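Structure first, commentary second.
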Amino acid sequence: MKTIYGKKCLFDTNILIAGRIENHSFHSQAKEIFSDLGENRFTAFISVQNIMEYSSVLMKGYGLSHREMRKNITDLILLPGIGVIYPSPMSTDLYLEMIEKYSMMFVYDLYLLATAISNGVEVIISADRDFSKVKEIEFYNPFRSSKN
């Protein structure tokens with residue numbers, strides 16, 4: 001199993017959702033990842049893109065109000081060991097290179113990857129197996145019991 005300890009990691013939105021929704025089938029595994037984060041075993045980041053997607057899913061899919069969403073995002077950003085990353089001009093250049101190389105992936109996922117890589121992130125933590133096809137960054141799926 002790949003380890004994320006000591007590395008700079010980006011949470012994909014599906015990890016954030018699983019950690020927030022108590023009846024989610026992977027809630028306990030997501031909570032374990034956040035526990036490891038709280039124990040400073042790795043450094044985690046979310047991107048502005050994650051914040052927008054997370055907000056949309058929780059409000060439209062789970063009925064959170066704008067007020068609840070604002071508090072939820074604020075609490076997430078204030079977690080020890082987590083930071084917010086932003087796209088840069090390098091992110092856009094990298095995205096444009098990757099869009100042909102990984103044409104089978106959604107453009108939103110590619111832009112998330114480009115933002116992560118351009119910010120020095122080493123690992124993406126996600127349940128989305130498409131990320132495993134990308135050579136420029138490590139992939140870790142905490143919801144699989146076997147080797148990723």
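Derivation of every value follows stated rules applied to the coordinates shown; laboratory data play no part. What you are looking at is a predicted structure, and each value in this text was computed from that prediction instead of being measured.
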Gaussian network model of the chain, springs between alpha carbon atoms under 10 Å - residue of Ile125, Ile46, Ile21 with greatest fluctuation: Ile21
Top of Tyr86, Tyr54, Tyr111 by mean-square fluctuation, Gaussian network on the chain, Cα under 10 Å: Tyr86
Equivalent ellipsoid semi-axes, the chain, via Cα gyration tensor eigenvalues times 5, rooted, Å: 23, 18, 15
Note, ³J(HN,Hα) from phi for region 53-66, Karplus 6.51, -1.76, 1.60, rounded to Hz, x at Gly and Pro: 5, 4, 4, 4, 5, 5, 7, 7, x, 10, x, 5, 7, 4
Whole-Hz ³J(HN,Hα) from phi, Karplus 6.51 cos²θ - 1.76 cosθ + 1.60, for region 26-34, glycine and proline x: 10, 4, 5, 5, 5, 4, 5, 4, 5
Amide H contacts of Phe143 (H built 1.01 Å from N, under 5 Å, at least 5 apart or other chain): none
